[in-house]
1. Over 24 Å between Cα atoms, which of B:109/B:192; A:192/B:109; A:109/A:304; A:73/A:122; B:109/B:283 qualify?
2. Using Cα pairs under 8 angstrom and six or more residues apart, how large is the relative contact order of the range A:5-306, in percent?
3. Determine the relative contact order of the range B:258-310: mean sequence separation of Cα pairs under 8 Å and six or more apart, normalised by residue count, in whole percent.
4. Let's see if you can work this out: charge +1 on each Lys and Arg Cβ, -1 on each Asp and Glu Cβ, no other charges. What is the dipole magnitude of the range B:48-144 about its Cα centre, in debye to the nearest 20?
5. Going by Cβ distance under 4.7 Å, what cysteines of the protein assembly as shown have no possible disulfide partner?
6. List the extent of the Cα atoms of chain A along each of their three principal axes, largest first, rounded to whole Å.
7. Percent antiparallel among DSSP beta bridges with both residues in the protein assembly as shown, to the nearest 5?
8. Suppose every Lys and Arg Cβ carries +1 and every Asp and Glu Cβ carries -1, with no other charges. What dipole size does the range A:5-306 come out with about its Cα centre, to the nearest 20 debye?
Protein chains: 2
Amino acid sequence: MMTDYADRLHAAIQKKRTPALVGLDPRLDQLPTEIIEKARNASINEYEMAANAFEEFCKHIIDVVSPLVPAVKPQSAFFEQLGAAGCLALQRVISYARQAGLIVICDAKRGDIGSTALGYAKAYLAGEDPQAAPFAADALTVNPYLGSDTLEPFIETAVQRGAGIYVLVRTSNPGAASFQDHTEQDQKLYQKVAASVEESACQAASNAVGNYGCVGAVVGATYPQELQQLRRAMPHVPLLIPGYGAHGGGAVDVATAFDADGLGAIINSSRGINFAYNAEPYKEQFAPDQWEQAVELATKEMIKDIANNTPAGNLQ
Amino acid sequence: MMTDYADRLHAAIQKKRTPALVGLDPRLDQLPTEIIEKARNASINEYEMAANAFEEFCKHIIDVVSPLVPAVKPQSAFFEQLGAAGCLALQRVISYARQAGLIVICDAKRGDIGSTALGYAKAYLAGEDPQAAPFAADALTVNPYLGSDTLEPFIETAVQRGAGIYVLVRTSNPGAASFQDHTEQDQKLYQKVAASVEESACQAASNAVGNYGCVGAVVGATYPQELQQLRRAMPHVPLLIPGYGAHGGGAVDVATAFDADGLGAIINSSRGINFAYNAEPYKEQFAPDQWEQAVELATKEMIKDIANNTPAGNLQ
């Protein structure tokens with residue numbers, strides 16, 4: 001019997017007692033020198049070198065964080081910029097993370113119509129069986145601009161496979177308001193998208209309060225009040241909150257994303273963990289060859305901050 | 001000296017005397033048997049078999065259409081569903097099309113914020129120099145939901161490299177209205193996106209009438225009147241019109257997309273050309289092993305229909 005995505009996610013969150021999500025955002029100009037050198041010796045061209053380095057770097061991060069957190073979120077763009085060699089590295093990083101027992105959310109923000117959307121769903125939504133898709137993620141981020149009907153092939157595939165999607169509802173970039181705040185009769189566009197996502201999540205889940213569907217939402221944590229409103233508007237929707245750490249916000253700002261049990265949301269940090277060795281406050285404390293220790297400490301401090309300042313502190 | 005994307009595109013349109021754009025949408029269940037069998041003999045697993053078949057199929061189409069049309073549009077989703085093997089096939093198909101002198105528009109509908117958007121731009125926007133990106137396209141389709149600021153890394157890369165982008169403005173799927181028609185003070189969301197795209201195109205082009213920028217728009221041809229309004233709202237924006245053929249519309253419906261010289265728009269057909277051998281009205285006329293002749297005839301009839309029913313008939 002297949003287990004729903006939200007149930008698998010929440011089991012993982014409860015097991016690790018934290019909703020901290022570690023992003024995997026490899027950037028060539030910030031990788032530790034030892035990783036680059038090892039990759040250079042084994043590669044025939046620059047794309048392959050960088051792809052090998054990305055794979056190695058992400059696998060080391062997975063080794064460090066897999067005992068600590070329930071999930072990781074590889075960012076597809078960084079791999080795609082290396083072409084097919086990068087795509088192969090992404091496949092391998094996803095496989096490696098799943099073998100380490102992590103939930104994998106592929107951040108690729110796909111969206112298209114009809115059979116093309118189904119193509120993307122089949123590419124990324126493996127769900128419970130890692131053999132079911134080449135990029136064998138548990139969940140995928142998805143863009144709603146083309147219309148609510150274009151989310152259906154993703155949702156159907158997710159339901160069939162025990163996978164999940166996170167629909168972009170509200171982003172935290174400076175220009176997010178330019179289209180997302182377009183307002184019809186006091187309803188902003190992102191609120192309309194949120195209502196549509198809640199409806200889809202209810203259809204996919206049982207309708208009882210506290211039950212989450214396989215249809216999630218990405219909600220940037222720019223204003224805590226806005227986050228609270230969106231949490232209330234989408235009671236059956238698991239949230240993915242980016243922007244912890246590098247984008248500025250701390251755990252206090254994301255407290256409203258959780259239900260009383262500390263469930264219903266995962267909080268992402270990417271750069272702040274990946275390149276902790278190269279940034280404040282860890283830079284002075286760790287030499288470049290101690291970068292994995294910096295990853296570990298940054299992850300533990302994020303977990304502690306979330307536990308101390310949000311309902312996720314109630315996780316048993 | 002680098003040549004702008006719009007100038008390169010229009011030179012190609014004038015050389016071929018048609019704005020017909022052939023989509024490359026390989027679907028395993030519709031490929032000619034001979035292609036499948038050849039690929040199966042050369043492959044170690046199903047993904048690689050399908051990737052080899054897709055590559056072979058698309059290269060044959062390119063051989064047939066490259067003397068006839070200015071541009072092709074590979075659909076990334078179909079390749080991605082085969083994982084890294086499919087991504088390698090996509091790279092090779094793009095290279096092959098460029099060597100055949102075609103403009104290549106990669107239909108991947110990417111969108112993200114800041115440095116992540118830049119990652120996608122670097123992955124797909126090679127522009128004038130095919131060595132500049134691994135997926136060496138001339139142009140890329142882009143999703144605007146995250147905000148107008150998130151288009152900037154794409155536009156900057158496009159300007160630097162003589163590449164182009166096509167921003168999704170109006171799509172033709174049944175549920176397109178669900179978010180694109182959200183209306184603030186009589187302005188629908190897609191009209192707001194159109195205004196933003198026009199502004200970006202003007203900044204990238206010289207402002208003179210009849211000059212097009214590197215920022216294009218995807219406009220579904222559901223209603224001819226809507227298309228005409230969008231053409232008027234975006235006088236500096238090259239349009240990409242999907243939906244000819246398989247989606248239902250004929251050339252009469254897209255006539256309003258062009259300027260008086262027959263420039264400013266390209267008209268896409270994918271399935272109707274790729275699988276012409278397997279559909280009306282060509283099915284009776286060609287045996288399966290004559291599928292390339294069906295591609296050729298369907299392309300020529302599309303070109304004729306556009307020439308007879310739109311200002312593109314004025315192309316010299």
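All of the numbers you see were taken from the coordinates with simple rules; none came from a lab. The structure displayed is predicted, hence computed values, not measured ones. Please note: Cβ atoms are built from the backbone with ideal geometry, for glycine as well, and neighbour counts cover all protein chains shown.
1. Long pairs (Cα-Cα over 24 Å): A:109/A:304; B:109/B:283.
2. 18 percent
3. The normalised contact order for the range B:258-310 reaches 31 percent.
4. That gives the range B:48-144 a dipole magnitude of about 140 debye.
5. A:58, A:106, A:202, A:214, B:58, B:106, B:202, B:214
6. Sorted from largest, the Cα extents of chain A read 58, 44, 43 Å.
7. 5 percent
8. 340 debye
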